Amino acid sequence: MQIRDDMTRDNAAIARTLNEALPYLTRYDDAVVVIKLGGHAMGSDDGMASFARDVVLMRTVGINPVIVHGGGPMINELLARLGVESQFVRGKRVTDADTMRVVEMVLAGEVNKRIVQAINTAGGRAVGLTGKDADMITCRQTDPELGFVGTPTEVDPRLLNSLFRDEMIPVIAPIGTGEQDETYNINGDTAAGAIAAALKADRLLLLTDVSGVKDQSGEVVTALTAARVREMTAAGVIAGGMIPKTETALDALEAGVRAVVILDGRVPNAVLLELFTSHGAGSLIRME
Ligand SMILES: Nc1ncnc2c1ncn2[C@@H]1O[C@H](COP(=O)(O)OP(=O)(O)O)[C@@H](O)[C@H]1O
Ligand SMILES: CC(=O)N[C@@H](CCC(=O)OP(=O)(O)O)C(=O)O
C-alpha cells in the first residue's frame, strides 16, 4: 500500500511538472539553443546518458539544439601517455603541429563520437562534425606564441540550418581551418560563442563545473547584465577560467544572441531545469 501511495505521489509530481513546463515549452518552440559541454562537465557514462536524454527531449519539443564540446582533460590524458606535458597560456593550450594532431584525434575521434553515440542511444539523430565540415569555421591565428590556436573569423551556418530542417542534432568539435588550409585548435567556449552568434541563437548555455558566476562573498548571481560582468571582472571577482566564459558571453550578446547562461553541467538535468522551470539554474547574462 505504501509503495502504491509513493508511486501515485511520484506520478502526480511528474504530471504537475509537465503542466508547469507548458509556458516554457511554448516559448522555446523552434528556438536555437547552443550548449557548450566542457570536458569537466562530461562526467560518467550515466551523466552522459542523462545529458543525451535532455537533448533529445529538447529536440522532441521543437527546439533546435546544437552541442559544441570541449575535452581538455581527455587531450591532457593522451598527451601525458605520449610523454608530452600540456602547457597553457591565458587558459589556451600551446599547440604545435604534433599537439594539433593529438587534439584533432581526441576531440573529433573520441569525444565527439562518445556524445553522438549517447544522443543516438537516447533516440535522437546526432551528426558529429568539426568546424572543418562544409568549411563551417574559418580561423586566424590567435597569437604566434600559442602556435596553432585559432580565433574564428567567419562561421557559415548553412550546414547547421540544413540539419535543423531534418531534425538532426549537430555535435561540433572546436576545430577550424585557416586561410592557408592550416588546422586550428579553438577554445571550446570561444567556438560555442561564435556558432551561437552566427545562428543568432536564443540561448547559449555554457556548462561547467561551478554553479554559476559568484560574487565577492561566493554567492551565485542568478541574473547579470553585461555592465555588471564588466564591473566584476575589473574588480577581480571574475577571474581565471571564468574570464573566457564571460568574455564569450559578452561577445555573443553583442552579436545578437538573446541570453547566455553559465551553469553547472554536473547537476542532473541542468539543461531542462534551466529551460523549462521558473527557477532556472546558474547565472543568466543579458545585455540590459
Ligand atoms: N566569479 C567567479 N565565479 C565562479 N567561478 C569563478 C569565478 N572566478 C573564477 N572562477 C573559476 O572559474 C572556473 C571555471 O572555469 P574552468 O575551470 O576553465 O571551466 P571549464 O573547465 O568548465 O571550461 C571555476 O572552477 C572557478 O575556479
Ligand atoms: C585552444 C584550446 O585551449 N583548446 C582546447 C579545446 C578543448 C576545450 O576547450 O576543452 P574544455 O572545454 O574541456 O576546456 C584545448 O586544447 O584544451
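Every number in this text was worked out from the coordinates using simple rules, so none of it is lab data. Since the structure is predicted, the reported quantities are computational estimates derived from the model, not experimental observations. Every residue, glycine as well, gets a Cβ built from its backbone with ideal geometry; the counts of neighbours run over all protein chains shown.
Descriptive notes on the structure:
- Pairs of Cα atoms nearer than 8 Å and 6+ residues apart set the relative contact order; for the chain it is 21 percent.
- Cα gyration tensor category, rounded, prolate or oblate, for the stretch 187-271 with a/c compared to 1.5: oblate
- DSSP-loop GluC sites (Glu not before Pro) across the stretch 63-164, with at most 13 other Cβ within 10 angstrom: 85
- The order of 69, 279, going from fewest to most other C-beta atoms within 10 Å of their C-beta, is 279, 69.
- Global geometry of the chain, whether rounded, prolate or oblate, following the gyration tensor of its Cα atoms and the 1.5 cut on a/c: prolate
- Based on DSSP H segments of at least four residues, each scored -39500 (n - 2.57), the chain has a per-residue ellipticity at 222 nm of -13000 deg cm²/dmol.
- Look at the Cα gyration tensor of the stretch 1-157: its axes a ≥ b ≥ c give a/c of at least 1.5 with a/b over b/c, and that counts as prolate.
- Fewest-first ranking of 164, 51, using other Cβ atoms within 10 Å as the exposure measure: 164, 51
- Projected label points at residue 17 and residue 96, each 7 Å from Cα along the beta carbon direction, are separated by 5.1 nanometres.
- Legend: ranking of residues 42, 105, 100 from fewest to most surrounding C-beta atoms inside 10 Å; resulting order 105, 100, 42.
- Across the chain, the longest piece that holds none of the trypsin sites (Lys or Arg not before Pro) lying in DSSP loops with up to 14 other C-beta atoms within 10 Å covers 1-89.
- Label sites at residue 254 and residue 230, each approximated as a point 7 angstrom past Cα along Cα to Cβ, lie 0.9 nm apart.
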